[in-house]
Amino acid sequence: MQIFPLLAIFVGGEILDMVSNTGAVAKAVLLILLAFSLISWAIILTKWSLLRRARVQSGRFVRAFRKAQRMQDIAAVADQFRPSPLVGVFEGGYEEYKRQIASNAGRLRVDGVRRGMQIGASEEITRLERNVPWLAITAAVTPFIGLFGTVWGIIDAFHGLGTAGAATLRAVAPGISEALITTAAGLAAAIPAVVAYNLIGSSIREFAARSDDFTLEVLNAVEHIQPQAMAEVHR
């Protein structure tokens, strides 16, 4: 199988020999674990890059918002900071703000703007959380898949031992050591997934709290500019 020469580069010929000597079930288990691991690492790297860019752009967007004199000014440049989830939060509130201004109702309803921003925040957090549950699934499932391969390998080793009739440690040790490869592979897939799941989850919770703070900051700005905005409408 093409995977085994590749493994030899990283783990050496001795491990490769043990993997090559495992049965068909163990090889299938290793391929399943490899698939879990590759998907998990793809998610980890993608999310890590996304969160890093979101963190940088969020800081820039907040600074631009604080410098802006009008809501329209920040809306005009919001697309420049698109990786930031705060842009979606702002746009959710700004759409409601524009509707109220256009309706010429005489007074802005801040609660409506708040609800629009809460919807925007929920959508952005959902976007950040997309595919992250796969890391939890990998962390929970792969050790048991590896354990299944190990148990199957040990059963196979003892069955061969019984057939051969040589009940010595020298006879059974190679089969057991080959079987334990799948447990090691399961842990190798699970450990990065569980670490990344917790770190990414912590970053997403940080963005959720930051969205709440930004919502309050936008509402304060809306209340501050409300008289000026409505005066412009009535001119």
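The values are calculated or read from the model by the stated rules, or taken from the named source; none is laboratory data. These numbers were taken from a predicted model, which means no experiment stands behind them. Note that we place each Cβ from the backbone using ideal geometry, even for glycine, and neighbour counts take in every protein chain shown.
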Report task. From the list 167, 221, pick out the single residue that is modelled with pLDDT under 90 and assigned to a loop (DSSP other than H, G, I, E, B). Result -> 167
Requested in this report: Tell me, please, whether a residue that is within 24 Å of residue 151 (Cβ to Cβ) and modelled with pLDDT of 90 or more can be found in the range 79-86.
Outcome: no
Report summary line: residue 95 passes all but one of the listed conditions (1) touching a Ser or Thr at 6+ places or on another chain (Cβ under 9 Å); (2) modelled with pLDDT under 90; the exception is number (1)
Report summary line: Those residues of the range 185-215 that are of a type outside the set (S, T, N, Q) and closer than 22 Å to residue 118 by Cβ come to a total of 11
Report task. Identify the single condition in (1) part of a helix (DSSP H, G or I); (2) crowded, with 17+ Cβ neighbours inside 10 Å that residue 108 does not satisfy, given that it satisfies every other one. Result -> (1)
Query - The lone exception for residue 119 - which of (1) in contact with a Lys or Arg (Cβ under 8 Å, 6 or more places away or on another chain); (2) within 24 Å of residue 200 (Cβ to Cβ) it fails - result: (1)
Query raised in the report: Is there a residue being at pLDDT 85 or above, surrounded by fewer than 18 Cβ atoms within 10 Å (Cβ to Cβ) and under 30 Å from residue 199 (Cβ atoms) anywhere in the range 6-28?
Result: no
Report task. Give me a count of the residues in the range 29-45 that are more than 10 Å from residue 138 (Cβ to Cβ) and in contact with a Gly (Cβ under 8 Å, 6 or more places away or on another chain). Result -> 2
